[in-house]
1. For residues that are β-branched (Val, Ile, Thr) and in a strand (DSSP E or B), scanning just segment 159-196, find the one that is farthest from Asp148 (Cα to Cα).
2. Would segment 130-144 turn up any residue that is modelled with pLDDT of 95 or more and not polar (S, T, N, Q)?
3. Looking at segment 67-109, which of the residues that are under 28 Å from the mean Cα position of the chain (by Cα), outside any strand (DSSP E or B) and among the polar types (S, T, N, Q) is modelled with the lowest pLDDT?
4. Determine, yes or no, whether Phe119 is surrounded by fewer than 16 Cβ atoms within 10 Å (Cβ to Cβ), at pLDDT below 85 and part of a loop (DSSP other than H, G, I, E, B).
5. Output the residue which, of all residues in segment 44-66 that are among the β-branched types (Val, Ile, Thr) and assigned to a strand (DSSP E or B), is surrounded by the most Cβ atoms within 10 Å (Cβ to Cβ).
Amino acid sequence: MSVSNFMLKAAAPAMLLVLAGCATGLPTQVSRFNALSAPSGQTFVIQAADPHNQGGIEFGQYAQLVRQRLIAQGFRDAGNAERSDLVVMLDYGVDNGQAKVVGYPSLSARFGFGAYRPFYWGWYDPFAFDSGTEVRSYRVFTSFVDMDIKRTSDGQAVFEGTAKARSTSDKLPRLVPNLVEALFTNFPGQSGETVRITVPDAPRGTTAKY
């Protein structure tokens, strides 16, 4: 067995772990545009961008995460829209995922039986690989959190932010808290800038967030 084949065999499981977000945290892409004034006690109310989510228990859980972070920034919860200086529109979701495939030498190739041919997603027929290649498949999901803030007085947008992540999990209760955390990292950020923020893994002994 060649050194290159051995390295491919050993690397494939590690690649899956990294894509699952278990090795280095949840890599997140955050884009923000802002014209926010420095926080000085402005009041806010949080509403669902999707009317179907308004009043829902799940939405309420995510809205509470955003509420806590806005208060930590120096804003105040108005309690209702009539008394608020700002309206925060919150949206979230996850797609249906995309199939991914990793190919590496099989046991037969390891012991010298059969020729190894690499598998390239989109270029090689997954049903035509020879006995020298083993394939592992998985799905990658893209999740997001959008947060837009407008002034109540004139409806003018003062902040637009989006956090996106790719992972092998589609569980929003695990993903949304991490996306919110990324969105508020160095909040409000430099307007027009897209940055990559990695949300750390959950501490040992706790349930992973994604």
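The values are calculated or read from the model by the stated rules, or taken from the named source; none is laboratory data. For clarity, every value in this text was computed on a predicted model and none was experimentally measured. Neighbour counts are summed over all protein chains in view; Cβ atoms, including those assigned to glycine, are modelled from backbone coordinates with ideal geometry.
1. Restricting attention to segment 159-196, the residues satisfying the condition of being β-branched (Val, Ile, Thr) are 162, 168, 176, 180, 185, 194-195.
If we keep only those that are in a strand (DSSP E or B) as well, we get 162, 194-195.
Values: Thr162: 9, Thr194: 16, Val195: 18 Å.
The selected residue is Val195.
2. Within segment 130-144 (the criterion being modelled with pLDDT of 95 or more and not polar (S, T, N, Q)), the answer is yes, since at least one residue qualifies.
3. It comes out as Asn96.
4. Against the criterion (surrounded by fewer than 16 Cβ atoms within 10 Å (Cβ to Cβ), at pLDDT below 85 and part of a loop (DSSP other than H, G, I, E, B)), Phe119 does not qualify.
5. Of the residues in segment 44-66, the ones among the β-branched types (Val, Ile, Thr) are 45-46, 57, 66.
Narrowing further to those that are assigned to a strand (DSSP E or B): 45-46.
On the way: Val45: 19, Ile46: 24.
Here the residue is Ile46.
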